[in-house]
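Student: Supplied in structure tokens, the structure appears directly below.
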Amino acid sequence: MESKEEKRIEKAKQVFESAKEKFEPKSVIRVDLPEDELPTSWYNINADLHKCGMKTPFPTGPGLAILPKIFPPSLLAQELSHDRWIKIPDELLEYYKIWRPTPLHRAKRLEEFLKTPCRIYYKQEYVSPPGSHKPNTAIAQAYFNKKDGYEGLATETGAGQWGSALSFSGALTGLKVDVFMVRVSYYQKPGRRVLMESWGARCVPSPSVPPERVYPDMATEFAKKVLEKDPDSPGSLGIAISEAIEHALKKPYPINYSLGSVLNHVLMHQTIIGLEAKKQFELIDEYPDVLFGCTGGGSNYSGFTFPFTQDKLDGKKPDLRFVAAEAESCPRYTKPKYIGYDYGDTAGMTPMIWMYTLGHDFVPPRIHAGGLRYHGNAPQLCTLVYKKVHEVVAIPQTEIFQAGQILSQTEGFLSAPETLHAWAALIREARRCKETGEKKVLALNDSGHGWLDVRGYDEFLKKKLEVA
């Protein structure tokens, strides 16, 4: 005779089996990965990049000599590594667990609005405390600098997402952080500055001089030179990088430089996004046909797509497509000045790296997508674009805010202007599939929220937005 406990267990099994029969993976709206499934290693595309038919050219120039002076040994080792997997330290995993794993979400209301046969998914990177994907590498860089004995970091930031992320990471690890924020964004997005200062960082507009630069010890010679030529300079990421490197090289205390994009170790830290996404798609028996992301320096896009790129390079998914969306006013891929070696900063202090570039002296228009205003891009991503493994589209500013309004009125959230470039590209594809009847799976990395970017939305809604 069965006991009450045995009957209870049997009943639970019956309920479970019944639910399992009714479960349709493709009907799931949100896919949460269990914490114990958090990736324990980063993927390093350097191990597989040669399979596209080209190795990324090595950096060159006298700027190579400064790298050991501004980066810790542990990060330099990662930068040069060709090991496919780089282990994430256990202590760093504990930091990641503050916000990771991040959800994978189905955009069913957007699908219905567009009347597309496509299934649309997006990775929610905006759930991190600073509101973007940037802490994935910021906390890693802060951890390794602290481990190697440094007390602070100097950096640049465009829209402020990177500066916010590094400030947050400095607060967690006990590092000082000095941020040089592109001047136009400093005044367009005061909320980002407040975030940085709330986490204990110092933030100044770049370029600027005292009294506008309220911290005299953060004054740089390069800012003076820029403002002598153009007193109203809006700034650029290239200028801000030059200032941050000059500040780090002065070594007012044991301080290093930290970069939020472009370099291999940065892209590698971001692959935790794509590695999680692959596991989440497996849970619902799906696999993307096209992946989308915005690209400024290349970190969020590469972090999302590189783990999937491995499948294409290995021949497992030969028809898989990748679409990087850039700003039409900063068309480094679609209308580059040239493809070849260029400096990563305006002053020419960095090594020369191989990339698609608008020229290191390029000063971009004052668009709201500050994170996409960089003159170049990550060499590994440039290689994949050059070999036509990845595609690039350029999106005008008005179209991105049109996409933002559609998104807010269907899915309910505001994305950052940078991320809206990816959404606009995805909406183009979804509408194309409506015409052809193709039932594709479209996946996108939503790299940041737009809660601090409402000025751009306001200008769009009042029809005062520039087309650029």
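The numbers here are math on the coordinates, done by the rules we state, and not lab data. Quick caveat, the model's predicted, so the values are computed rather than measured. Glycine also receives a Cβ, built like all others from the backbone with ideal geometry; neighbour counts cover every protein chain displayed.
Student: With 10 angstrom as the radius, rank Thr305, Thr334, Thr271 by how many other C-beta atoms surround their C-beta, starting from the fewest.
Tutor: Thr334, Thr271, Thr305
Student: Additional query: Rounded to the nearest Å, what's the spacing between the alpha carbon centres of the stretch 317-362 and the stretch 127-175? Just the number, please.
Tutor: 24
Student: Extension gain Ser81-Trp99, at 0.36 nm per residue separation less the Cα-Cα distance, in nm?
Tutor: Working: separation 18, 0.36 × 18 = 6.48 nm, distance 2.76 nm.
Residue separation times 0.36 nm, minus the Cα-Cα distance, leaves 3.7 nm.
Student: Provide Lys7, Lys108 in ascending order of the number of other Cβ atoms located within 10 Å of each residue's Cβ, fewest first.
Tutor: Details: Lys7 10, Lys108 15.
Ranked by crowding around the Cβ, least crowded first: Lys7, Lys108.
Student: Using only alpha carbon pairs under 8 Å that are at least six residues apart, calculate the relative contact order of the stretch 260-333 and give it in whole percent. Please report the intermediate quantities before stating the final value.
Tutor: Values: 85 pairs, mean separation 27.0, N = 74.
In percent, rounded to a whole number, it is 36.
Student: A further question on this structure: At 222 nm, what value in deg cm²/dmol follows for the chain if DSSP H runs of at least 4 each add -39500 (n - 2.57) and the sum is divided by all its residues, to the nearest 500?
Tutor: On the way: 18 runs with 193 residues, N = 468.
Calculated at 222 nm, the ellipticity per residue is -12500 deg cm²/dmol.
Student: Rounded, prolate or oblate: pick one for the chain, where a ≥ b ≥ c are the square roots of the eigenvalues of its C-alpha gyration tensor, a/c under 1.5 means rounded, and failing that, prolate if a/b is larger than b/c, else oblate.
Tutor: Details: a/c = 1.67, a/b = 1.46, b/c = 1.14.
Prolate, since a/c reaches 1.5 and a/b exceeds b/c.
Student: If you don't mind, another one. Work out the FRET efficiency for Val454 and Lys51 from their Cβ-Cβ distance, taking R0 = 41 Å, and round it to the nearest 0.05. Please report the intermediate quantities before stating the final value.
Tutor: Numbers: r = 44 Å, r/R0 = 1.07.
Using R0 = 41 Å, I get an efficiency of 0.40.
Student: Same structure again: Scan the stretch 114-213 for trypsin sites (Lys or Arg not before Pro) in coil per DSSP, keeping those whose Cβ has at most 12 other Cβ atoms within 10 Å, and list them by number. Let's see the in-between values first.
Tutor: Working: sites: Lys115, Arg119, Lys123, Lys146, Lys147, Lys176, Arg183, Arg192, Arg193, Arg202, Arg213; in loops: Lys115, Arg213.
Taking the stretch 114-213 and a limit of 12 other Cβ atoms within 10 Å, the loop trypsin sites (Lys or Arg not before Pro) found are Lys115.
Student: Ok, one more. Neighbouring Cβ atoms within 10 Å as the yardstick, rank Glu399, Glu418, Glu328 fewest first. Don't skip to the end; give the middle numbers.
Tutor: On the way: Glu399 18, Glu418 31, Glu328 22.
Lowest to highest Cβ neighbour count: Glu399, Glu328, Glu418.
Student: Right, here's the next one. In whole percent, what relative contact order does the chain give with Cα contacts below 8 Å and a gap of six or more residues? Walk me through the intermediate numbers first.
Tutor: Details: 978 pairs, mean separation 93.0, N = 468.
With pairs under 8 Å counted, the relative contact order is 20 percent.
Student: So, one more: Sketch the reach of a paramagnetic label on Glu438 as a point 7 Å from Cα along Cα-to-Cβ, and name the residues of the stretch 277-294 whose backbone nitrogen lies under 13 Å away.
Tutor: Residues 289-291 qualify, since their backbone N sits under 13 Å from the label point.
Student: Work out the FRET efficiency for Gln402 and Ser27 from their Cβ-Cβ distance, taking R0 = 45 Å, and round it to the nearest 0.05.
Tutor: Working: r = 29 Å, r/R0 = 0.65.
The value I calculate is 0.95.
Student: Let me ask something else about it. Work out from phi, with θ = phi - 60° and the Karplus expression 6.51 cos²θ - 1.76 cosθ + 1.60, the ³J(HN,Hα) of each residue of the stretch 170-186, listed in order in whole Hz, and give x for Gly and Pro.
Tutor: x, 5, 5, 9, x, 9, 6, 9, 10, 10, 9, 9, 3, 3, 5, 6, 4
Student: Pull out a ≥ b ≥ c, the square roots of the eigenvalues of the alpha-carbon gyration tensor of the stretch 114-180, then state rounded if a/c is under 1.5, prolate if not and a/b is larger than b/c, and oblate in the remaining case. Don't skip to the answer; put the middle values down first.
Tutor: Numbers: a/c = 3.77, a/b = 2.51, b/c = 1.50.
Since a/c reaches 1.5 and a/b is larger than b/c, the shape of the stretch 114-180 is classed as prolate.
Student: Then there's this: Give me, ordered by chain and number, the residues 5 or more places off Ala324 or on other chains with an amide H under 5 Å from its own placed amide H.
Tutor: So Ala324 has HN proximity to Glu391, Val392, Val393.
Student: Only bridges with both residues in the chain count here: give the DSSP antiparallel percent, nearest 5. It would help to have the intermediate numbers written out before the result.
Tutor: Working: 17 of 50 bridges.
If we restrict to bridges inside the chain, about 35 percent are antiparallel.
Student: With a/c under 1.5 counting as rounded, go ahead and sort the stretch 351-430 into rounded, prolate or oblate using the C-alpha gyration tensor (a ≥ b ≥ c being the square roots of the eigenvalues; past the cut-off, prolate if a/b is larger than b/c, else oblate). Show your work: numbers first, answer last.
Tutor: Values: a/c = 2.88, a/b = 1.64, b/c = 1.75.
Oblate shape, in that a/c is at least 1.5 and b/c is the bigger or equal ratio.
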